[in-house]
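Asks: I am attaching a structure below and will ask some questions about it afterwards.
The values are calculated or read from the model by the stated rules, or taken from the named source; none is laboratory data. Worth saying up front: this structure is predicted, and the values here are computed from it rather than measured. A quick note on method: Cβ atoms are made from the backbone with ideal geometry, for glycine too, and the neighbour counts reach across all protein chains shown. Heads up: the accessible areas ignore ligands, DNA and RNA and are worked out on the full protein's heavy atoms, side chains in. Shrake-Rupley method; radii C 1.70, N 1.55, O 1.52, S 1.80 Å.
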Amino acid sequence: MAGRYEKNPFDEEEVNPFSDPAVRKNVAPSAFGGGPFYMSGTGSVPQASGSRLSPLPPEPADFYNDRGATIDIPLDGGKDLKKKEKELQAKETELRKREEALKRREEAASRAGIVIEEKNWPPFFPIIHHDIANEIPIHLQRIQYFAFASFLGLTLCLFWNVIAVSANWIKGGGVKIWFLAIIYLISGVPGAYVLWYRPLYRASKTDSALKFGWFFLFYMIHIVFVIYAAVAPPIIFNGRSFTGILPAISVIDRSIIVGIFYFVGFGLFCLEALLSIWVIQQVYFYFRGSGKAAEMKKAAARSAMQAAI
């Protein structure tokens, strides 16, 4: 039974430092009453009466910073912000003025009937405005695409003509034919765009009978020019400034490579002539079927009467 009430060796004992009589003798009676609190034994506890604890040593300046990082706080930050704000306001005012000026110009141009067209073709270096899918009516888009193919075909024919004539010049054909080939290229491509392709584009866009008539006039000249280039009769500098069939036959005896170049050019001019004839037929069929021919005749008669009066 005695072992049943034995003390647990794992229990924590409460140790009272004042239970020792020697410690109690050394403690002043007023220790808990606000008087001096001291120990006369070893002197390990300092007197607390009328004294303060010694302050801790000062902390280093970078105690709260990682690795001594410094933070620069600009003293003139308010001035910089006000300056930037003024600059932004000035830029906004200038942009607003430019937008208003541009808007006034667009309104004036629209009132005067001037159409501002943004240049978007070719994409890598925009030179002309061209947007068949969005500006041309659906029933005329197919014809317009083929007309555009005809314009690009003429460009290819004249560019290849320069290459073939350059090869002939290297083989001793003379420099005059090369200069003529260059003239055909730099005048033929812009001339075709201004004289017949752009009028057809605008005629299809606005359904103007007068622009259709302008197209027919210069596109017929274009077809005659292409057929002449495909044949290249010996009229101007023996005809060798064009890669036609007659110069190709005469050149191939002297140089096979130059002759092949000329025969390729002849084939390109033939394809361009066939495509051009098909395009003018399709445009003419639409022109007559839509009643634009009668409208054009009335407009011509009206203008003739006005001129006579």
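Asks: Could you list which residues have their amide H under 5 Å from that of I128, counting only those 5 or more apart in sequence or on another chain, with H placed in the peptide plane?
Replies: Amide H neighbours of I128, under 5 Å, 5+ apart: N120, W121.
Asks: Let me ask something else about it. Whole-Hz ³J(HN,Hα) for each residue in the range 253-270, computed from phi via Karplus 6.51 cos²θ - 1.76 cosθ + 1.60 with θ = phi - 60°, x for glycine and proline: what do you get?
Replies: Computed from phi, the couplings for the range 253-270 are 5, 8, 8, 5, 5, 5, x, 4, 4, 5, 5, 5, x, 4, x, 5, 5, 5 Hz.
Asks: Note the direction-averaged projected area, equal to a quarter of the hull surface, for the Cα convex hull of the range 138-236, in nm².
Replies: 6.7
Asks: Distance in nm between label sites at L195 and K119, each 7 Å beyond Cα in the beta-carbon direction?
Replies: Each label point lies 7 Å from its Cα, and together they span 2.3 nm.
Asks: Which three extents, in angstrom, do the Cα atoms of the range 212-294 have along their principal axes, listed largest first?
Replies: Result for the range 212-294: principal-axis Cα extents of 55, 21, 11 Å.
Asks: Give the accessible area for K86 in Å² (nearest 10); use a 1.4 Å probe, count only protein heavy atoms, and leave out ligands, DNA and RNA.
Replies: Roughly 140 Å² of K86 is accessible to a 1.4 Å probe.
Asks: Any idea of K211's accessible area? Nearest 10 Å², probe 1.4 Å.
Replies: Looks like 80 Å² after rounding.
Asks: What is the sum of charges around N168, taking Lys and Arg as +1, Asp and Glu as -1, for the other residues whose C-beta is under 14 Å from the C-beta of N168?
Replies: Around N168, the charge tally is +3.
Asks: Keeping all protein chains in place and using 1.4 angstrom, which order do S150, S290 fall into by accessible surface area, from largest down?
Replies: The residues order as S290, S150, largest area first.
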